[in-house]
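Note sheet for the following structure.
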Amino acid sequence: MTVRPSAAAAAVLAVCVAAFAAVAALVGAHGWAPFGFERAVLDWVVAHRPDPAERTAELLTELGTGVFSYLFALAAGLLLARAALPHRSRPAAVAVLLAPVVWLAVGQLLRRGLMHGFGRPRPPAADWAFTAHDFAFPSGHAFTGALSAGLVALAVALTRPGAARPAVTAATVFAVLIGCTRVYLGVHWPLDVLAGWLLAAAWLALGVLLFRTQLRGLRG
């Protein structure tokens with residue numbers, strides 16, 4: 001039986017929103033303090049952070065935020081716009097080009113609002129190997145890295161269906177690496193990263209549902 005993309009997106013949205021809410025409720029019920037296993041993970045990474053590994057993590061983590069994430073979103077828009085241009089007016093193609101960038105930006109606003117609303121403290125600054133700001137939950141890098149990579153994978157899947165599986169695999173690996181660097185560098189607890197991944201998956205699925213008619217016309 002073939003599952004429709006909209007039905008799959010709806011399922012992903014429901015599962016990820018429920019899981020995110022459960023994680024937030026669990027951490028909130030714990031007073032936003034770290035669980036024992038989170039403290040144990042942080043203690044382990046601090047004790048196993050040789051200079052080469054730390055520098056590699058610092059380089060990788062930069063790919064999960066700022067200009068890089070918007071370049072990934074723009075690349076997704078370029079793929080979609082190229083597919084749209086033969087069938088739509090130029091202004092419509094420009095709107096398609098910018099849509100992933102706008103969706104990423106709006107998602108960032110949502111994530112920041114949740115982060116300040118929850119107000120979970122970060123790990124102690126003494127354990128940091130990287131500069132960090134604001135609160136911890138959900139992780140901004142985990143959210144942004146997963147969402148920007150997911151937008152590219154979605155664009156590839158729509159415009160080059162034969163490359164969909166490797167694109168999704170690459171996006172998943174990228175998202176996992178970015179999230180793990182945040183814990184390895186000591187600036188996030190593990191559940192912060194999990195929440196960032198769940199929120200990114202939910203936001204991407206919501207975009208697929210809201211724009212399913214437009215996306216259907218871009219399939220290769």
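Do we find a residue being among the small types (Gly, Ala, Ser), farther than 23 Å from Leu206 by Cβ, open to solvent by 40 Å² or more (accessible area, probe 1.4 Å) and out of contact with any Leu (no Cβ under 9 Å at 6 or more places or on another chain) anywhere in the range 42-50? Let's see the steps before the verdict.
Within the range 42-50, the subset among the small types (Gly, Ala, Ser) is 47.
Now restrict to residues that are farther than 23 Å from Leu206 by Cβ: 47.
Subsequent filtering for residues that are open to solvent by 40 Å² or more (accessible area, probe 1.4 Å) retains 47.
From what's left, out of contact with any Leu (no Cβ under 9 Å at 6 or more places or on another chain): 47.
Looking through the range 42-50, at least one residue is among the small types (Gly, Ala, Ser), farther than 23 Å from Leu206 by Cβ, open to solvent by 40 Å² or more (accessible area, probe 1.4 Å) and out of contact with any Leu (no Cβ under 9 Å at 6 or more places or on another chain).
Yes or no: Val15 modelled with pLDDT of 95 or more, out of contact with any helix residue (DSSP H, G or I) (no Cβ under 6 Å at 6 or more places or on another chain), of a type outside the set (Phe, Trp, Tyr) and open to solvent by 40 Å² or more (accessible area, probe 1.4 Å)? It would help to see each step written out before you state the result.
On the way: modelled with pLDDT of 95 or more: yes; out of contact with any helix residue (DSSP H, G or I) (no Cβ under 6 Å at 6 or more places or on another chain): yes; of a type outside the set (Phe, Trp, Tyr): yes; open to solvent by 40 Å² or more (accessible area, probe 1.4 Å): yes.
So Val15 fits the description; yes.
So how many residues does the range 119-139 have that are touching a Gly at 6+ places or on another chain (Cβ under 7 Å) and either part of a helix (DSSP H, G or I) or open to solvent by less than 10 Å² (accessible area, probe 1.4 Å) (or both)?
In the first step, residues of the range 119-139 are kept if they are touching a Gly at 6+ places or on another chain (Cβ under 7 Å); the result is 123, 127-129, 135, 138-139.
Those left that are additionally either part of a helix (DSSP H, G or I) or open to solvent by less than 10 Å² (accessible area, probe 1.4 Å) (or both): 123, 127, 138-139.
Qualifying residue count for the region: 4.
Is there a residue being among the aromatic types (Phe, Trp, Tyr), within 24 Å of Gly117 (Cβ to Cβ) and either assigned to a helix (DSSP H, G or I) or modelled with pLDDT of 95 or more (or both) anywhere in the range 43-57? Before the answer, list the steps.
Pass one, the range 43-57, residues among the aromatic types (Phe, Trp, Tyr): 44.
Then keep just the ones that are within 24 Å of Gly117 (Cβ to Cβ); that gives none.
Scanning the range 43-57, I find no residue that is among the aromatic types (Phe, Trp, Tyr), within 24 Å of Gly117 (Cβ to Cβ) and either assigned to a helix (DSSP H, G or I) or modelled with pLDDT of 95 or more (or both), so the answer is no.
Looking only at residues in the range 52-86 that are of a type in the set (Ser, Thr, Tyr) and more than 12 Å from Thr181 (Cα to Cα), which one is surrounded by the most Cβ atoms within 10 Å (Cβ to Cβ)?
From the range 52-86, those of a type in the set (Ser, Thr, Tyr) are 56, 61, 65, 69-70; that's our starting set.
Checking the rest, the ones that are also more than 12 Å from Thr181 (Cα to Cα) come to 65, 69-70.
Details: Thr65: 18, Ser69: 26, Tyr70: 17.
Checked the range 52-86; the qualifying residue surrounded by the most Cβ atoms within 10 Å (Cβ to Cβ) is Ser69.
Which numbered condition in (1) surrounded by 14 or more Cβ atoms within 10 Å (Cβ to Cβ); (2) at pLDDT 95 or above is the only one that His30 fails?
For His30, the failing item is (1).
Consider only pairs whose beta carbons are under 9 Å apart and that are at least six residues apart or on different chains; among these, list those whose first residue lies in the range 170-188 and is of a type in the set (Phe, Trp, Tyr) and buried (at least 24 other Cβ atoms within 10 Å of the Cβ) and whose second residue is in a helix (DSSP H, G or I) and modelled with pLDDT under 95.
Tyr184/Val45; Tyr184/Ala53; Tyr184/Glu54; Tyr184/Ala57; Tyr184/Thr61
Which numbered condition in (1) part of a loop (DSSP other than H, G, I, E, B); (2) touching a residue at least 60 places away in the same chain (Cβ under 8 Å) is the only one that Leu191 fails?
Going through (1) part of a loop (DSSP other than H, G, I, E, B); (2) touching a residue at least 60 places away in the same chain (Cβ under 8 Å) one by one, Leu191 breaks only (1).
Note down all Cβ pairs under 9 Å where the first residue falls in the range 44-59 and is of a type in the set (Lys, Arg), the second is not in a helix (DSSP H, G or I), and they're at least six residues apart or on different chains.
Arg49/Ala129; Arg49/Leu185; Arg49/Gly186
The values are calculated or read from the model by the stated rules, or taken from the named source; none is laboratory data. For clarity, every value in this text was computed on a predicted model and none was experimentally measured. Cβ atoms come from the backbone with ideal geometry, glycine included; neighbour counts cover every protein chain shown. Ligands, DNA and RNA are excluded from the accessible area calculation, which covers all protein heavy atoms including side chains. Shrake-Rupley method; radii C 1.70, N 1.55, O 1.52, S 1.80 Å.
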